[in-house]
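Read through the structure below, which is laid out as structure tokens, and then see the notes.
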Amino acid sequence: MVRWRGSVVQGLRWNGSASHDHVAAHTAEREQRTACGVLNPDVTSVQRRARVRAPELVGRGWLNTGGEQVRLADLRGKIALLDFWTFCCINCLHVLDELRPLEAEFSDVLVTVGVHSPKFVHEADPAALAAAVERYEVHHPVLDDPELTTWQAYAVKAWPTLVLVDPEGYVVHVAAGEGHVDALRQIVSELVAEHGAKGTLHRGDGPFVPPPPPETELRFPAKAVLTPGGTLLVSDSAHHGLVELAADGETVLRRIGTGERGRADGERPSFSEPAGIALLPAEVAERVGYHAVVADTVNHLLRGVDLDTGEVTTVAGTGEQWRGGDTDGPAGEIDLTSPWDVAWWEPANGVAVAMAGNHTLGLFDPVAGTVVRLAGTTVEGLNDGPAQEAFFAQTSGLAADGDRLWLVDSETSALRWLDADRVVHTAVGRGLFHFGHRDGLADDALLQHPLGVTALPDGSVAIADTYNGALRRYDPATDEVSTLASGIAEPSDAVLVDGELVVVASAAHRLERPVAPGVAATLVAGDAHEVKRPPSDIGTGELELSVIFTPPAGTKLDERYGPSTRLEITSSPPELLVGGAGVGTDLTRVLRVAEGVTGGVLHVVAQAASCTDDPSVEHPVCRLTRQDWGVPVRVAAGGPNRLPLLMGGMDEG
């Protein structure tokens, strides 16, 4: 595979597909894109159709406005960018980071409004939302939309979705997924010119009011490990660094990192929301010159830390987010995507990496200096079997225990494991839209967005059941789940210290010991929940699924290296579809929906390659647009026989 690092064409082979159909696409450095949508290659600017008035912003309340309510009328004269998000969603977190430079560039004319429409029950808690807004440094007004009122008013189908509203209050552009900043920049520039000329553009500050800065020793700590010296090394994510604590979990011994967001190596290093930490075996650490590997999540890097000196080096990743292309090769040349946790796994002789950003597991070999795909296809879902065919869903916690690599998939609220034969198994979990707090046999038990897992000496595992605010335990010997403790503020990890479980209480900004040593707390009974997100109605028989994609302005679909689009469709349960599943190159597919199945989830992965539409350009800039989609559906006789999915670039007016 040819991989160019400049602004020239890059020939790609589609990864994550067992068929290896060699669909070709193109991209350039920092130009690969994610999104989901109907093909219209002739659109090259903000093309207006019927003018659609933007619905009012309705919800429970507002954050980052100094307590003031915001109405659309208050935004007249400004360009409003509505970001429909939910804080559990890794793609939504990617978009928050993508939008920062756009917000800075157009700070006097553009007002971003986050519309938080939750998936999980915990996300509807106003205190949890306020914590997330601080945790992820959201510096724009946020509407709390717990009943999905505004979500439904704008006919949103998926997280994240972006909607542009012009200074006169009309919707002009809708795009779902990641990677739309270039298109947004062009459209905003056009709107600035148009409404500046009309006199309908008002420059100046928006309604954002920053909250007072908090002061705590730790701020949203993510993960912790016990060092050989008996201290605790903690990733202090919102302080963008590491903190070494004494065994009491409170006394600060030293800090590693400047505290500022960055990616500098050396003795004054910087990080960006670091999370997982893995200690290397002593003999490996001696060979490579560092003792620990840190998942530097928002930087899309792995960092090596010398615990003797505090010196940090970048050991894997380019700093660019993976959008497609190589997954195996020299560690410094492979793009990573939101590595969330890391663990040394002896059967693989390397560091397993939870790539939350594309729903896969990677493997970093610190001695060879390589990264390879360990498991997963990039399809988001819950599917067991051979590692290269398994589906994961935002894996966020890892723990090695002999031949087993335990993992928690936060978006399917699942506890799973990978065995030494590279086969994936599920212990607890049902899929993308089922969660809750229920103990008992594993088939009936439920979790809610767990972020951490810890192997215990008796062969069981402790689960940081984050959105239930609980520490849970799964015992493989009895196949039962129990609750060890509850009332913990978003636990994200746990570590054993002298036989006692020390829990990272992330939203409480501290480490806690909620379980008496050797004693399990009273079990807690709980309820099952399903996502409030309304399913899409479909009929039985033939169903036309169309992914709607418009190439960004000034580009066209590029067929020079073969088909420029790819569509992969599977379903949960598999028997939902009796025809049409699989991989193809058209973005429209006729599916056949089974009779007798009342509903399920359609898993859709769409990709499209577009390049500069100018024959005079010798090295055109190209983009790979990609979106993985989980669409809940309800099947009924006489239901609709067409299901459109908007990928990006639908302009309205």
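Find which of 616, 570, 643 sits farthest along the positive direction of the dipole of segment 533-653, computed with +1 on the beta-carbon of Lys and Arg, -1 on that of Asp and Glu, about the Cα centre.
It is 570, whose Cα lies furthest towards the positive end.
Could you sort 109-115, 342-348 so that the peptide with the highest average Cβ count within 10 Å comes first and the rest follow in order? Don't jump to the answer; show the numbers that get you there.
Working: 109-115: 24.1, 342-348: 20.1.
Per-residue Cβ counts within 10 Å, averaged per peptide and sorted highest first, yield 109-115, 342-348.
Mind ordering 250-258, 220-228 by average Cβ neighbours within 10 Å, highest first?
Numbers: 250-258: 15.7, 220-228: 21.6.
In decreasing order of mean packing, 250-258, 220-228 become 220-228, 250-258.
How big is the convex hull of the Cα atoms of segment 324-435, per residue, in Å³?
Numbers: hull volume 9.4 nm³, N = 112.
Each residue corresponds to 84 Å³ of Cα convex hull volume.
Given the DSSP H assignment, sum -39500 (n - 2.57) over each helix run of at least 4 residues in the chain and divide by its residue total; what's the result at 222 nm in deg cm²/dmol, nearest 500?
Numbers: 5 runs with 56 residues, N = 653.
After summing the helix terms and dividing by the residues of the chain, the value is -2500 deg cm²/dmol.
I need 103, 411 ordered by Cβ neighbour count within 10 Å, fewest first. Before the final figure, lay out the partial values.
Details: 103 16, 411 26.
With the sparsest Cβ surroundings first, the list reads 103, 411.
Just the Cα atoms of segment 446-514, one point each, no solvent: what log10 I(q)/I(0) does Debye give at q = 0.20 Å⁻¹?
Values returned for q = 0.20 Å⁻¹ are -0.70.
Can you give me the C-alpha center-to-center distance between segment 219-235 and segment 59-88, rounded to a whole angstrom?
Centre-to-centre distance over Cα atoms comes out at 37 Å.
Sort largest first and round to whole Å: the equivalent ellipsoid semi-axes of segment 393-463, each the square root of five times a Cα gyration tensor eigenvalue.
Values: eigenvalues 71, 35, 24 Å².
Listed largest to smallest, the semi-axes of segment 393-463 are 19, 13, 11 Å.
Quick one: dipole size for the chain, taken about the Cα centre, charges +1 on Lys/Arg Cβ and -1 on Asp/Glu Cβ, in debye to the nearest 20.
Dipole magnitude for the chain comes out near 1560 debye.
May I ask you to list the aspartates and glutamates whose Cα is less than 19 Å away from that of residue 78, ignoring any residue fewer than eight positions away on the same chain?
56, 68, 103, 105, 108, 166, 168, 190, 194, 205, 651, 652
Two decimals is fine: what is log10 I(q)/I(0) at q = 0.15 Å⁻¹ for segment 96-197, from a Debye sum with one equal scatterer on every Cα and no solvent?
Once normalised to I(0) and log-transformed, intensities are -0.68.
When the scattering of the chain is computed by the Debye formula from its Cα atoms alone, each counted once and equally, what is log10 I(q)/I(0) at q = 0.06, 0.07, 0.11 Å⁻¹?
After summing over all Cα pairs, the log10 values are -0.31, -0.43, -1.12.
Once the mean 1/r over all distinct Cα pairs of segment 194-346 is inverted, what Kirkwood radius in angstroms do you read off? Show your work: numbers first, answer last.
Values: mean 1/r = 0.0586 Å⁻¹.
The Cα-based Kirkwood calculation yields 17.1 Å.
Give, rounded to the nearest 20 debye, the magnitude of the charge dipole that segment 282-400 has about its Cα centre when Lys and Arg contribute +1 at Cβ and Asp and Glu contribute -1 at Cβ.
Working: 4 positive and 17 negative charges, 40 e Å.
Approximately 200 debye in magnitude.
In whole angstrom, how far apart do the alpha carbon centroids of segment 322-390 and segment 417-435 sit?
16
What three numbers, in Å, describe the spread of the alpha carbons of segment 137-263 along their principal axes, ordered from the longest?
66, 31, 27
Run the dipole for segment 325-395 about the Cα centre, Lys and Arg Cβ at +1, Asp and Glu Cβ at -1, nothing else charged, and hand back the magnitude in debye, nearest 20. Please list the in-between numbers first.
Details: 1 positive and 10 negative charges, 15 e Å.
Roughly 80 debye, rounded to the nearest 20.
Among 391, 369, 420, which residue has its Cα positioned farthest towards the positive end of the charge dipole of segment 306-428, with +1 placed on the Cβ of Lys and Arg, -1 on the Cβ of Asp and Glu, and the dipole taken about the Cα centre?
Towards the positive end, the residue furthest out is 391.
Report, ordered by chain and residue number, the lysines lying within cross-link reach of residue 119, taken as a straight Cα distance under 29 Å and ignoring same-chain residues fewer than 8 apart.
Within reach: 157, 223, 532.
Ranked highest first by the average count of other Cβ atoms within 10 Å around their residues, in what order do 329-335, 207-213 fall? If you can, show how the numbers build up before the last one.
On the way: 329-335: 17.0, 207-213: 11.7.
Order by mean packing, descending: 329-335, 207-213.
Rule-based calculations on the coordinates, nothing more; no lab input. These numbers come from a predicted model, not from an experiment. Cβ atoms come from the backbone with ideal geometry, glycine included; neighbour counts cover every protein chain shown.
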